[in-house]
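The structure under discussion appears below in the form of structure tokens.
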Amino acid sequence: MKIKKSIAAAAISFFPLAAPLAAQTLYVNGRIITVDASNQVAEALAVQDGKILAVGTTEEILKQKRTGSEVVDLQQKTVVPGFIDGHSHFMGLFRGQAVNLGSPPMGSVRNIADLVSAIQQFQRDKGLKEGEWIQGFGYDQDQLEEKRHPTKEDLDRVFPNTPVYITNINGHMGVANSAALKISGITSETADPAGGAIERKKGSQEPTGLLQESAKGLLKIPAKPKASLEQQLAELREQQLYYASRGITTAQDGYTSLPSLTLLKAAADRGALIIDIEALPGAHILDQVIDNPAYKFGELKNHLKLAGTKQIADGSPQGKTAYFSKPYLTDVPGCTHDECNGFPNITQEQFDAFILKTFQHNIRPFVHCNGDATIDMYLTAIRNANDKLGKSSNAIRPVTIHSQFVRPDQLDSYKDLGIIPAFFSNHAFFWGDVHTRNLGAERANFLSPLKTAGKKGIIATNHTDYPVTPIDQLFLLWTSVNRETRSGQIVGPEERLTPIEGLRAITINGAYQYQEESIKGSIEPGKLADLVILSADISEIDPKKIKDVEILETIKEGKSIYKKR
């Protein structure tokens, strides 16, 4: 994709005004990557009342200067639109309440001994007594030296009487020790719940400690003491500032719980949100939200919007619970038959009913689908709803979250049905080697096929799924452009994007995903002045160095909300 290098003075455009207004802030002498339809690059822009007033040359923009105007000399620094989070879990707050068990670069755990030591240190640091629950997050079996999940015995050796539960980096499974299983009543006689599995020791029904998908819900972990509203609002502000430091001006909370939705609504009503939050109430609370007049879907108000509802239809490909039409090529935990394809979390009947309900209420569905077999179920449900209601899904813009291993023929269906794939190119780095081993090169090379989707005329977004991977949009851009694995291999070289294509996936395409492309996502007159100032021009530097570019400042509706010190 070529970039038009500059906007000539004659091409300068202004936001139509009833009467001439002086710009409040003028950004001049820079590299303004507008991400407009032509990907033009300008020198300067003017901001008035939180919106972009004009874009063009420094000479023309300085004509908007009046008494009181602030002039910011960018000194050839680069400005891009504020980053729009395609999918993450914004309300994953309270990061200090669980021990980080991630492997590099997410943490320092390299083997099971490190993992157990980290839990011990957390217990000491928090002053937890024997018998008090300990929770951990982020272990990755594929990055441990043992190349396996921990077992209950690994945890029992140090914590025989203290219940411990550690969640996998994918969030779809975790391991409980014997004390936690006993408290929760999980035994060899406990049946697998619908949409989940309890891994058993070979040749018996005794649990190993690994609980997959809905089986996690069998644990009886006591609720933590509820913080005061003021404490929650303070933590919410810290999370917003954390996202802003990554250049994000629009964030998503995927699978919002009722308490989280209540807190977000309280924050919005108090004017305590400084970035836009796109909340997706989970399918399990949809009826409660629909019946509550305090909530209205599709309206951005006070920086909060209920963008749709989220359903989780399958699991994790690296965790081998994503549902495929062809089997995994390596052993699958808990699977004792020959065709180990993973499994869906819901039935086709449940899928059909969920999509029909969302369409009937004009609520946009955002559905987690990793495996191609799950995507087939989603397509069937959408076509079923279209047929029953006699309408087209194109106006609704359904979203497939992750869409990690979509097939080429399914992309054609996306185009026909107006489906937006929210891809996850970080998988190329974090698990590209793992997918090649578990699924084979052909499937692995087509993970998050952003390039093919674009060629088919599909508007696709990209995301980090934080806290599964870091909320680092420039690293995300780097993975979409380079598709380099941990071992340095290139997975799916034909799916690599240009830097500008990658930038569009996390700006204007993100705005399209939220049906907000008319107000944000590009640097054009009339749109919100959501901006990020970068330390280098991502379109000009060596693509391998994109991940090293720094966020210097984040601006939301004309106001600076983060500045690097």
Task: Spin-label pair K129/A37, simplified geometry with 7 Å Cα→Cβ offset, distance in nm - done: 6.9 nm
TODO: Within the stretch 145-180, find all residues whose amide N lies under 13 Å from a label point positioned 7 Å from the Cα of Q120 along Cα-to-beta-carbon.
DONE: 155-160
- [ ] State which stretch of the chain is the longest one without any exposed GluC sites (Glu not before Pro), exposure meaning a DSSP loop state and at most 13 other Cβ atoms within 10 Å.
- [x] 340-539
- [ ] Post the alpha-carbon centroid distance, the stretch 507-565 to the stretch 70-115, in whole angstrom.
- [x] 16 Å
Open item on the list: Counting other C-beta atoms within 10 Å, and keeping those with at most 10, which DSSP coil trypsin sites (Lys or Arg not before Pro) do you find in the stretch 209-318?
Closed with: K226
Open item on the list: Once you compute Rg and the Kirkwood Rh from C-alpha atoms, what is the Rg to Rh ratio for the stretch 226-366?
Closed with: 1.07
Task: Normalised alpha carbon radius of gyration of the stretch 286-385 [divisor 2.2 N^0.38 Å] - done: 1.30
- [ ] Straight distance only, please: which aspartates and glutamates reach the Cα of K296 with their own Cα at less than 18 Å, same-chain residues fewer than 8 apart left out?
- [x] D253, D269, D276, E278, D287, E516
TODO: Go through W431, V491, W478 and say which Cα lies farthest out towards the positive end of the charge dipole of the stretch 402-497; charges sit on Cβ, +1 for Lys and Arg, -1 for Asp and Glu.
DONE: V491
Open item on the list: Would you report the distance distribution of C-alpha pairs in the stretch 399-439 as whole percents per 10 angstrom bin, up to the bin with the largest distance?
Closed with: 28, 46, 24, 3
TODO: For the chain, give the percent of accessible area contributed by carbon and sulfur heavy atoms, probe 1.4 Å, rounded to a whole number.
DONE: 49 percent
Open item on the list: Output the 0 to 90 degree angle, nearest 10, between the alpha-carbon long axis of helix 229-244 and the longest principal axis computed from the alpha carbons of the chain.
Closed with: 70 degrees
- [ ] State which entries of K182/K226; K147/K320; K126/K147 exceed 19 angstrom in Cα-Cα distance in the structure shown.
- [x] K182/K226; K126/K147
- [ ] Calculate, for the chain, the solvent-accessible area per residue in square angstrom, rolling a 1.4 angstrom probe over the heavy atoms of the protein chains.
- [x] 40 Å²
TODO: Quick one: what are the phi-derived ³J(HN,Hα) couplings along the stretch 128-135, Karplus 6.51/-1.76/1.60 with θ = phi - 60°, whole Hz, x for glycine and proline?
DONE: 7, 8, 4, x, 7, 4, 10, 10
Open item on the list: Need the full-extension length gain, Q348 to S188, defined as separation in residues times 0.36 nm minus the C-alpha distance. One decimal, nm.
Closed with: 54.7 nm
Task: Using a Förster distance of 35 Å, the FRET efficiency for N111-Q231 (Cβ separation, nearest 0.05) - done: 0.45
Task: Cα long-axis angle, helix 258-269 against the chain (0 to 90 degrees, to the nearest 10) - done: 20 degrees
TODO: Using the structure shown, list the pairs from K63/K563; K77/K563; K455/K544; K265/K301 with a Cα-Cα distance above 19 Å, or answer none.
DONE: K63/K563; K455/K544
- [ ] For the stretch 384-541, build the convex hull from the C-alpha positions and give me its volume per residue in Å³.
- [x] 136 Å³
TODO: May I ask you to compute the full-extension gain from D387 to K296, defined as 0.36 nm times their residue separation minus their alpha-carbon distance, rounded to one decimal in nm?
DONE: 30.1 nm
Open item on the list: Below 15 angstrom from the Cβ of F354, what's the summed charge of the other residues (Lys, Arg +1; Asp, Glu -1)?
Closed with: +1
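The values are calculated or read from the model by the stated rules, or taken from the named source; none is laboratory data. Not measured: the values here are computed from a predicted model. Heads up, the Cβs are rebuilt from the backbone with ideal geometry, glycines too, and the neighbour counts pull from every protein chain shown. Ligands, DNA and RNA are excluded from the accessible area calculation, which covers all protein heavy atoms including side chains. Shrake-Rupley method; radii C 1.70, N 1.55, O 1.52, S 1.80 Å.
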